[in-house]
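To start, the structure itself, in structure tokens.
What follows is calculated from the coordinates using simple rules that are stated; it is not laboratory data. In this text, all values refer to a predicted model and were calculated from it rather than measured experimentally. Quick reminder, even Gly has a Cβ in these numbers, built from the backbone with ideal geometry, and neighbours come from all protein chains shown.
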Amino acid sequence: MNDPKVALFDMDGTLCDYVGSLKRDLEKLRAPDEAIVDPFKVNGPQYQHIWNRMDLIKADEKWWANLPKLQLGYDVLKMTNKLGYYNEVLTQGPKKNPAALAGKLTWLINNIEEDIDYTMTRNKGRHYGRVLVDDFPDYALTWLTHRKNGLVIMPSNEYNAGFKHPQVILYNGRNKEEVRDGLVDALNR
Ligand SMILES: [Mg+2]
């Protein structure tokens, strides 16, 4: 194929439930009298113990391999399949955590039926696609920097609520038509 119609899929927060699993497992490590903290709002030395706990959780290859599927990402995957996109996984590889990469590969083998190509990268912005499906605004913006016609489908969650960009469609499970229309436009461009 000279011009494959590539749809790139993020894993954590798109195809797999990273946030829910992290919160669930942090809760198991919380002392009875300890306040509940948001693991995505833990800046400052007073939260070092939370970072240590997250490192402990994420050091387990099986944790990554057993993340539950996230329906929002699968909805979009079903649509791109039906429309004839060439699907690829584009996931951020942690800098110093080989267990995460091994676990992510096991996850793909166990959870994606198609023989899907995948890239584990430190920079999503360098990778070609017509469409990027990703829940994280920073990665969406990095990727869009060099893609004036690119389309991002963003599975919604509590951390990207209200995000707005002319090339981004926030998908919450109820606006399938809008997502499908966007995917059709990107395919025919
Ligand atoms: Mg993500």
When the dipole is taken about the Cα centre of the chain, and only Lys, Arg (+1) and Asp, Glu (-1) are charged at their Cβ, what size is it in debye, to the nearest 20? 380 debye
Among GluC sites (Glu not before Pro) in the stretch 78-117, those in a DSSP loop whose Cβ has at most 13 other Cβ atoms within 10 Å are E113, E114
Of all GluC sites (Glu not before Pro) in the stretch 141-189, which ones are in loop regions per DSSP and have a Cβ with at most 10 other Cβ atoms within 10 Å? E158
Checking the cross-link filter: which aspartates and glutamates have an alpha carbon closer than 12 Å to that of K69, excluding same-chain neighbours under 8 positions apart? D12, D17
Tell me the label-point distance for the pair Q71, L83, using the 7 Å Cα-to-Cβ offset, in nm and rounded to one decimal. 2.2 nm
Summing -39500 (n - 2.57) over every DSSP H run of at least 4 residues in the chain and dividing by its residue count gives a helix-only mean residue ellipticity at 222 nm, to the nearest 500 deg cm²/dmol, of -12000 deg cm²/dmol
List the trypsin sites (Lys or Arg not before Pro) within the stretch 1-89 that DSSP assigns to loop and that have no more than 12 neighbouring Cβ atoms inside 10 Å. K41
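Counting Lys and Arg as +1 and Asp and Glu as -1, what is the net charge of the other residues whose Cβ lies under 11 Å from the Cβ of W143?
Working: positive: K124, R126, R147; negative: D10, D134, D138.
Residues close to W143 contribute a combined charge of 0.
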Extension gain from N175 to F163, taking 0.36 nm per residue of separation minus the Cα-Cα distance: 2.8 nm
Whole-percent pair-distance distribution, where bins are 10 Å wide, for the alpha carbons of the stretch 19-64: 25, 61, 14, 0
Given 20 °C and 1.002 mPa s, compute D for the chain with the Stokes-Einstein relation, Rh being the Kirkwood radius over Cα pairs; round to the nearest whole µm²/s. 123 µm²/s
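Grab the beta carbon distance between T145 and A31, set R0 = 41 Å, and tell me the FRET efficiency rounded to 0.05.
Working: r = 43 Å, r/R0 = 1.06.
Once rounded, the FRET efficiency stands at 0.40.
Within the set K124/K176; K124/K148; K104/K176; K82/K148, which residue pairs have Cα atoms separated by over 18 Å? Walk me through the numbers before you get to the answer.
On the way: K124/K176 25 Å; K124/K148 16 Å; K104/K176 27 Å; K82/K148 25 Å.
Going by Cα-Cα distance, K124/K176; K104/K176; K82/K148 fall outside the 18 Å limit.
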